[in-house]
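Trainee: I have a structure here, written as structure tokens, and I will follow up with some questions on it.
The values are calculated or read from the model by the stated rules, or taken from the named source; none is laboratory data. Since we're looking at a predicted model, the values are computed, not measured. All Cβ positions, glycine included, derive from the backbone under ideal geometry; neighbour counts span all protein chains shown.
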Amino acid sequence: MIDRDTWQEIFSTIKKNKLRTGLTALGVFWGIFMLVFLLGMGDGLETGVFRNFGAGAKNIMYVWSWKTSEPYKGMKPGRYISLKLDDVETIKNDVSGIGQVAPRYYLGDRPTYYKQINGSYEVRGQTQESKEIDGYLMEEGRYINQKDIDENRKVAVVGLTVKKELFGDEPAVGKRIRISNIDFQVVGVFSTPSLQEWDLEDLEAITLPINTLYKSFGIENNSISNLVVSAAPGIQVSQIEDAVRASLRKKHRVAPNDDTAIGGFNLEAEFKSVQNLFFGIKCLLWFVGVGTLIAGIVGVSNIMLITVKERTKEIGIRKALGASPNSIVKMILTESVFITTIAGYLGMMAGTFIIIAINYLMVSQGIENENFYDPKVNLTIAISALVFLITSGTLAGLIPALQASRVNPVIALKDE
């Protein structure tokens, strides 16, 4: 245990060397403060960027069609290719590793009425797979199911914005709306966990079972606007991307290398590239933060060496009066650990407070930034850094302490 006399000696030494002790403590304080602050800001940046990907599935690809750019089997370039609903079964049969396939048809804006209230909203034909792929949340009722599609039910799921404009505070489920003078019953209201720019378009749309849309609005040939394909668990969509597009090219008689006719976008590849970017950013932040932390620890060690040098005569007298080497080591180490612990704790608390304050101000002032959102401090990392700092402070004081314990009393008493 550390006795009262030891504490008095520590405070006496600190009092005699206020500036030196203060600068040493500032180095330690700044080291852990920068580590916590940088990691917290990095977390906010990462959260903001990944938030832009939305709440839906990330391991997906989008597929669409356009006109051909190359001649193929006697056919001239410039043919318009139209994807069909039965393309879903084609790629499921041809490609292994497929998870879900969500076909979509965009009808465009249509006048919509509820009693005396009216508006114009985009009408879409979709299947039940879209709910999971897009990450929709049900505010009321349910989403489209397979029975709606099989039985061509005249049901509709509306976005939250449509619900508010048509129904206000009334429940929407069970109400009937007219889209281009065709009646549909509302069975659900959906929203998204985070509002991105493209989410606003979803919330202003009305979704119908895709077969119902075909029959109600006279869409021939079961054409679709695009397909969204997810990979099965344990498989990356990049592994099946080429096979999916090759299957569709073969069915629609498109040249094997014609990326214009059967185009696509791999969200998983984009997501992975951003993940790799932030891995590099985190490594850089750790490098800077830990480097600053180590600089503070080295400062503690240097100050302890100076302290031992200045107190050589005092240490010699202590040893001449019978002080053991262990008591000398304890005295030096205690001062080192005390400075490191207090300064490190204050630095950790200051860094945490600043991050919390930034988050609070953003929320209270309604500040929105698409690349920075909800910064957080990982308490496990912060506490681990403090423990590392205290341990390092102990080791930093150990060399000067051992040096002090080996002082020869006779030589020390002659020291000037």
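Trainee: With (1) part of a loop (DSSP other than H, G, I, E, B); (2) surrounded by 14 or more Cβ atoms within 10 Å (Cβ to Cβ) as the list, and P233 as the residue in question, which single condition is left unmet?
Mentor: It fails just one condition, (2).
Trainee: Report yes if some residue within the stretch 215-229 is part of a strand (DSSP E or B), hydrophobic (A, V, I, L, M, F, W, C), touching a Ser or Thr at 6+ places or on another chain (Cβ under 7 Å) and under 29 Å from T47 (Cα atoms); otherwise report no.
Mentor: no
Trainee: Please work out which residue is surrounded by the fewest Cβ atoms within 10 Å (Cβ to Cβ), limiting yourself to the stretch 185-214 and to residues that are under 29 Å from the mean Cα position of the chain (by Cα) and assigned to a helix (DSSP H, G or I). Show your work before the answer.
Mentor: Within the stretch 185-214, the subset under 29 Å from the mean Cα position of the chain (by Cα) is 189-205.
Those left that are additionally assigned to a helix (DSSP H, G or I): 197-203.
On the way: E197: 8, W198: 10, D199: 22, L200: 13, E201: 12, D202: 22, L203: 19.
That would be E197.
Trainee: Which condition number in (1) in contact with a Lys or Arg (Cβ under 9 Å, 6 or more places away or on another chain); (2) closer than 30 Å to T161 by Cβ is the one that E204 fails?
Mentor: Of the numbered conditions (1) in contact with a Lys or Arg (Cβ under 9 Å, 6 or more places away or on another chain); (2) closer than 30 Å to T161 by Cβ, the odd one out for E204 is (1).
Trainee: Now, a different point. Hey, any hits in the stretch 363-379 for a residue that's within 16 Å of L293 (Cβ to Cβ) and modelled with pLDDT of 70 or more? Even if it seems obvious, please write down each step before you answer.
Mentor: Start the filter on the stretch 363-379 by keeping residues that are within 16 Å of L293 (Cβ to Cβ), which leaves 377-378.
Pick out the ones that are also modelled with pLDDT of 70 or more and you get 377-378.
Yes, the stretch 363-379 contains a residue that is within 16 Å of L293 (Cβ to Cβ) and modelled with pLDDT of 70 or more.
Per-residue answers, yes or no, for (1) loosely packed, with under 13 Cβ neighbours inside 10 Å; (2) within 23 Å of E201 (Cβ to Cβ); (3) touching a Lys or Arg at 6+ places or on another chain (Cβ under 6 Å):
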residue	(1), (2), (3)
R153	no, no, no
T161	no, yes, no
E170	yes, no, no
D183	yes, no, yes
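Trainee: Taking the stated definitions as given, is Y360 modelled with pLDDT of 75 or more, closer than 23 Å to W30 by Cβ and assigned by TED's automatic domain parsing to the domain that holds L398? So that I can check it myself, show each step before the final result.
Mentor: Working: modelled with pLDDT of 75 or more: yes; closer than 23 Å to W30 by Cβ: no; assigned by TED's automatic domain parsing to the domain that holds L398: yes.
No, not satisfied.
Residues checked against (1) more than 27 Å from the chain's Cα centre (by Cα); (2) not β-branched (V, I, T):
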| site | (1), (2) |
| --- | --- |
| T47 | no, no |
| T90 | yes, no |
| Y114 | yes, yes |
| I117 | yes, no |
| I149 | yes, no |
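Results for (1) assigned to a strand (DSSP E or B); (2) touching a residue at least 12 places away in the same chain (Cβ under 8 Å), shown as yes or no for each residue.
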| position | (1), (2) |
| --- | --- |
| K58 | no, yes |
| S69 | no, yes |
| S82 | no, yes |
| E89 | no, no |
| Y106 | yes, yes |
| Y113 | yes, yes |
| G119 | yes, yes |
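Trainee: Within the stretch 348-371, identify whether any single residue is touching a residue at least 40 places away in the same chain (Cβ under 8 Å), small (G, A, S) and either in a helix (DSSP H, G or I) or crowded, with 21+ Cβ neighbours inside 10 Å (or both), and answer yes or no. Before you say what the answer is, go through the steps one by one.
Mentor: Residues of the stretch 348-371 touching a residue at least 40 places away in the same chain (Cβ under 8 Å): 348, 350-352, 354-355, 358-359, 369-371.
Imposing the further condition that a residue be small (G, A, S) reduces the set to 350-351.
With the extra rule that they be either in a helix (DSSP H, G or I) or crowded, with 21+ Cβ neighbours inside 10 Å (or both), the set shrinks to 350-351.
Among the residues of the stretch 348-371, at least one is touching a residue at least 40 places away in the same chain (Cβ under 8 Å), small (G, A, S) and either in a helix (DSSP H, G or I) or crowded, with 21+ Cβ neighbours inside 10 Å (or both), which makes the answer yes.
Trainee: Can I ask one more? In the same structural domain as Y121 (by TED's automatic domain parsing), touching a Pro at 6+ places or on another chain (Cβ under 7 Å) and modelled with pLDDT of 90 or more: is that true of L213 in this structure?
Mentor: Considered against the rule, which asks whether it is in the same structural domain as Y121 (by TED's automatic domain parsing), touching a Pro at 6+ places or on another chain (Cβ under 7 Å) and modelled with pLDDT of 90 or more, L213 comes out as no.
Trainee: Among the candidates G174, G218, G159, G168, single out the residue that is without any contact (Cβ under 8 Å) to a residue 60 or more places away in the chain and within 30 Å of the chain's Cα centre (by Cα).
Mentor: Working: G174 fails: within 30 Å of the chain's Cα centre (by Cα); G218 fails: within 30 Å of the chain's Cα centre (by Cα); G168 fails: within 30 Å of the chain's Cα centre (by Cα).
On inspection, the qualifying residue turns out to be G159.
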